[in-house]
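A.B. asks: Take this structure first; my questions come after.
The values are calculated or read from the model by the stated rules, or taken from the named source; none is laboratory data. All figures in this text were calculated on a predicted structure; none of them were measured in a lab. Counting neighbours? That spans all protein chains shown, and the Cβs are built from the backbone with ideal geometry, glycine included.
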Amino acid sequence: MPIFEFECGKCRHHFEHLCLSGGEAETLTCPECGSAKITKLMSAFAGRTGSASGAGCGSCSATSCPPS
């Protein structure tokens, strides 16, 4: 699901929004001050790898991997 990060140009509040359609971001307003002057931010995405057992990449054991 496309969750985007935005910043308000008036109060500098950062917020996230789930955009289900392409033009939805153009009609957003800041949840703090109500301003329509918002900018979509570049953000990293999160992904899940490995298993619940603890071995993240499979090339080492869970006890020998350095903390991330």
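A.B. asks: Which ones in region 43-68 are at pLDDT 65 or above and either surrounded by 10 or more Cβ atoms within 10 Å (Cβ to Cβ) or part of a strand (DSSP E or B) (or both)?
C.D. replies: Ser43, Cys60, Cys65
A.B. asks: So which residues in region 1-37 are free of Cβ contacts under 8 Å to residues at least 12 places away in the same chain and hydroxyl-bearing (Ser, Thr, Tyr)?
C.D. replies: Ser21, Thr27, Thr29
A.B. asks: Can you find a residue that is part of a loop (DSSP other than H, G, I, E, B), exposed (fewer than 11 other Cβ atoms within 10 Å of the Cβ), among the small types (Gly, Ala, Ser) and modelled with pLDDT under 80 anywhere in region 23-42?
C.D. replies: yes
A.B. asks: Here's something else I'd like to know. If a residue must be closer than 11 Å to Lys40 by Cβ and of a type outside the set (A, V, I, L, M, F, W, C), how many such residues does region 3-15 contain?
C.D. replies: Going through region 3-15 one residue at a time, the tally reaches 2.
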